[in-house]
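**Student:** I have a structure here, written as structure tokens, and I will follow up with some questions on it.
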Amino acid sequence: MSFEAHSTAAAGETLDAERARKAQSATWVSVAVNVVLTVLQITVGLISHAQSLVADGMHTLSDLLGDFLVMFASRHGASPADELHPYGHGRYETAASLVLGLVLAGVGAGFLLTAAGRLQTLDALPELHPMALWMALLTLAGKEGLFRYMLAVAQRLRSPMLVANAWHARADAASSLVVAVGIGGSLLGYRFLEPLGAALVGFMILRMGAMLGYEALRELIDTGVPPDEVAKIRATVTETPGVIDVHELRTRRMAHRVLVDAHVRVDARISVSEGHRIAELARYRVRSRHPDVLDVLVHVDTEEDQIAAAGRTLPGREVLVNELETLLGDVPQAAPAVFHYVGERVEAEVYLPFEWCADADRLACLQQRLRDYCNGASSHWGRIALLCKIAP
């Protein structure tokens with residue numbers, strides 16, 4: 001069990017490193033495409049007097065900032081857990097998604113404000129050159145191709161951060177489409193179409209940024225995974241040998257991974273070591289069957305929480321041992337007594353030497369004394385079992 005758990009952890013770290021490498025490779029492709037498009041858009045936009053194309057180029061420049069943010073987050077997010085970050089650094093990806101969402105929202109709001117000002121000064125707008133339209137179409141093709149490539153990589157790696165960056169490229173493609181339509185309309189004489197298209201682009205980008213920021217914020221406030229995924233994890237824990245039932249199963253996301261904690265109920269009369277083994281087995285089964293799960297914290301209960309709460313006022317071991325010594329008198333014990341807290345009562349297992357148990361009359365007298373005490377004077381004893389130890 002221990003070897004398998006360590007092997008699983010090592011394999012998980014290797015997969016995370018490989019995932020980070022592939023994510024950075026995809027991001028470098030995005031960087032190269034955006035550098036080329038930024039230079040071309042701004043240059044052609046200035047030459048052709050297409051302010052919308054210049055603005056779209058500045059938007060593309062913001063993608064570059066987003067790409068570098070993604071690379072920083074993926075590199076640091078793949079770092080192993082340390083003393084300050086015992087659950088790893090996966091939230092770097094979440095923070096990057098949130099920042100990207102805020103950048104998109106800011107760019108979108110800027111488009112809206114600029115478009116509103118241009119709609120009020122249509123007569124002052126300069127004539128456009130046809131090369132602006134060709135540049136807008138080239139940008140549209142480049143952005144749409146980049147979106148499809150990055151989304152495929154993001155889905156394969158199950159990376160919300162790369163999904164965010166891919167949709168950033170799609171937002172750019174949509175904005176380039178609207179810019180192309182606006183420039184084309186302006187060239188045909190409908191001059192209001194270009195600033196109107198810019199306003200529509202601004203709204204689309206603002207909406208996308210708000211959605212990405214909202215999803216990242218949901219993760220940062222520990223929103224759980226969907227109910228169907230929770231049901232599957234619950235079934236895996238419930239089917240673990242030794243688990244009676246599962247309650248208080250909770251989940252939360254950390255980038256592309258899931259953290260789980262659960263309370264499992266086991267037989268109240270098993271040993272601590274057996275209860276621990278059942279918990280470790282449940283943890284191993286969940287991590288093996290659900291690849292998205294990073295870690296599982298299993299709390300072992302012997303009864304329902306409301307019943308266990310009622311028994312919290314029961315005395316501890318020191319008090320119980322003193323009571324037993326008084327009840328047993330000069331009866332020697334072959335081993336320390338074992339106590340079981342069951343409901344609102346305590347049960348004890350007392351091991352007596354084999355030679356002492358041979359005296360049936362003395363044993364019967366002791367049994368009757370313990371039975372009378374449990375049924376009458378005691379307020380917390382449920383049962384005291386006398387066992388005979390016949391081997392070491």
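The values are calculated or read from the model by the stated rules, or taken from the named source; none is laboratory data. Please read all numbers here as calculations on a predicted model, not as lab measurements. All Cβ positions, even for glycine, are placed from backbone atoms using ideal geometry, and neighbour counts span all protein chains on display. When the accessible area is computed, the model is the full protein with side chains, heavy atoms only, and any ligands, DNA or RNA have been set aside. Shrake-Rupley method; radii C 1.70, N 1.55, O 1.52, S 1.80 Å.
**Student:** Could you please put Arg170, Arg289 in sequence from largest to smallest accessible area, using a 1.4 Å probe?
**Tutor:** So the residues, ranked largest to smallest area, are Arg289, Arg170.
**Student:** Report the label-to-label distance for Arg250 and Glu280 in nanometres (one decimal), using points 7 Å from each Cα along the Cα→Cβ vector.
**Tutor:** Distance between label points: 2.6 nm.
**Student:** Follow-up question, since we're still on this one. Of Ala109, Val179, Ser97, which is farthest on the positive side of the dipole of segment 94-251, counting Cα position, with +1 on Lys and Arg Cβ, -1 on Asp and Glu Cβ, and the Cα centre as origin?
**Tutor:** Farthest towards the positive end: Val179.
**Student:** How far, in nm, would the chain grow between Ala109 and Ala141 when pulled straight, counting 0.36 nm per residue and subtracting the alpha carbon separation?
**Tutor:** Taking 0.36 nm per residue and subtracting the Cα distance, the gain is 9.1 nm.
**Student:** Per 10 Å bin, what is the whole-percent P(r) computed from every C-alpha pair distance within segment 149-199?
**Tutor:** 28, 31, 20, 17, 4
**Student:** Between Arg218 and Phe354, what is 0.36 nm times their sequence separation minus the Cα-Cα distance? Round to one decimal in nm.
**Tutor:** Details: separation 136, 0.36 × 136 = 48.96 nm, distance 6.37 nm.
Gain on stretching Arg218 to Phe354: 42.6 nm.
**Student:** Debye calculation, C-alpha points only, no solvent: report log10 I(q)/I(0) for segment 179-222 at q = 0.17, 0.18, 0.22, 0.33 Å⁻¹, in the same order as the q values.
**Tutor:** -0.54, -0.57, -0.68, -0.97
**Student:** Another question about this same structure. For Met211 and Arg289, FRET efficiency with R0 = 30 Å and r from the beta-carbon atoms, rounded to 0.05?
**Tutor:** 0.45
**Student:** Next up: As an exercise, identify the GluC sites (Glu not before Pro) in segment 329-392 lying in DSSP coil whose Cβ has no more than 15 other Cβ atoms within 10 Å.
**Tutor:** Numbers: sites: Glu344, Glu347, Glu349, Glu355; in loops: Glu344.
Sparse-neighbourhood loop GluC sites (Glu not before Pro): Glu344.
**Student:** Hey, another quick one. What residues from segment 324-342 fall in the zone where the backbone N is under 13 Å from a label point 7 Å along the Cα-to-C-beta line of Arg317?
**Tutor:** Output list for this probe position: 336-341.
**Student:** Still on this structure, I have one more. Could you tell me the extents of segment 98-191's C-alpha atoms along the three principal axes, largest first, rounded to whole Å?
**Tutor:** Largest first, segment 98-191 extends 50, 26, 13 Å along its Cα principal axes.
**Student:** Further, regarding this structure: Run the quick spin-label model on Met58 and Lys389: label points 7 Å from Cα toward the beta carbon, then report their separation in nm to one decimal.
**Tutor:** Label at Met58, label at Lys389, 8.4 nm between them.
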